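Contents: one structure, followed by commentary.
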Amino acid sequence: MRMLARLDSKPLRLRPATPDDLDALLAIETEAFASDLISRRSLRRFITTSTAAALVAEQDGLTIGYALVLFRTISAMGRLYSIAVAPRSRGCGIGTALIAAAEATALARGCDWMRLEVRPENTGAIARYLKAGYRQFGRRA
């Protein structure tokens, strides 16, 4: 565990998720998204499987965000499947820190690339990904 950023003079801690984090991650999922929510069952599986990495952002003992990266054993590409920050903690660099941690995790797993999907109306996320160096290479209906 290492401190990656300081927000409001309180350290931000990023760490792997455990099954004990499930309720807090589901609460953030519900606060952050109006649709396409990850189910409790799926999130539990993602936390415990070797083909995913779930990362938790904590500040002052509270879970304030997460990132979920999926891996395939035959691919050098990681997939940023989901990233969410609690609404009360947005605008403080937590999303940026989670993206960096997700990328570091993918690199450590032997990935050379990271892919993600984002809805076109999610302009805030698109701006964040472009600022982080991602580029659009396709569109889905």
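The values are calculated or read from the model by the stated rules, or taken from the named source; none is laboratory data. These numbers come from a predicted model, not from an experiment. Every residue, glycine among them, receives a Cβ derived from its backbone with ideal geometry; neighbour counts consider all protein chains shown. Quick note on the areas: whole protein, heavy atoms, side chains included, nothing else; ligands and nucleic acids left out. Shrake-Rupley method; radii C 1.70, N 1.55, O 1.52, S 1.80 Å.
How much of the accessible area of the chain, in percent, comes from carbon and sulfur atoms when a 1.4 Å probe is used?
Answer for the chain: carbon and sulfur cover 51 percent of the accessible area.
Largest first, what is the accessible-area ranking of T63, T51 with a 1.4 Å probe?
Sorted by accessible area, descending: T51, T63.
I'd like the accessible area for D23: 1.4 Å probe, protein heavy atoms, all chains in place, Å² to the nearest 10.
100
Under DSSP H, which helices of the chain have Cα atoms covering 20 Å or more of the helix axis and a Kyte-Doolittle average no less than -0.5?
94-108
May I ask you to derive the relative contact order of the chain, considering only C-alpha pairs under 8 Å and at least 6 residues apart, and to give it as an integer percent?
Answer for the chain is 19 percent.
Tell me whether segment 11-60 comes out rounded, prolate or oblate; compute the Cα gyration tensor, take square roots of the eigenvalues as a ≥ b ≥ c, and use a/c under 1.5 as the rounded threshold.
Working: a/c = 2.02, a/b = 1.11, b/c = 1.82.
Oblate, because a/c is 1.5 or more while a/b does not exceed b/c.
So what is the calculated 222 nm ellipticity per residue for the chain, using -39500 (n - 2.57) for each DSSP H run with n of 4 or more, over all residues, to the nearest 500 deg cm²/dmol?
For the chain, the value works out to -9500 deg cm²/dmol.
If you take the square roots of the eigenvalues of the alpha-carbon gyration tensor of segment 62-132 and sort them as a ≥ b ≥ c, do you get rounded (a/c under 1.5), prolate (a/b over b/c) or oblate?
Prolate, because a/c is 1.5 or more and a/b exceeds b/c.
Find, among the trypsin sites (Lys or Arg not before Pro) in segment 48-116, those assigned to loop by DSSP (not H, G, I, E, B) with at most 11 other beta-carbon atoms within 10 angstrom.
R72
Sort C92, C111 by accessible area with a 1.4 Å probe, largest first.
C92, C111
Determine the shape class of the chain: with a ≥ b ≥ c the square roots of the Cα gyration tensor eigenvalues, call it rounded for a/c under 1.5, and otherwise prolate if a/b is greater than b/c, oblate otherwise.
rounded
How would T49, T96 line up by accessible area, probe 1.4 Å, largest first?
T96, T49
Kindly provide the chymotrypsin sites (Phe, Trp or Tyr not before Pro) of segment 78-141 that DSSP labels as loop, not H, G, I, E or B, and whose Cβ sees at most 10 other Cβ atoms within 10 Å.
F137
Where in the chain lies the longest segment free of GluC sites (Glu not before Pro) that are both loop residues by DSSP (not H, G, I, E, B) and have at most 13 other Cβ atoms within 10 Å? Could you put the intermediate results ahead of the total?
Numbers: sites that count: E117, E121.
Here the longest segment lacking exposed loop sites spans 1-116.
Using +1 at the C-beta of Lys and Arg and -1 at the C-beta of Asp and Glu, which of I28, T63, S39 has the Cα lying farthest in the positive direction of the dipole of segment 15-94?
Result: S39, furthest along the dipole toward the positive end.
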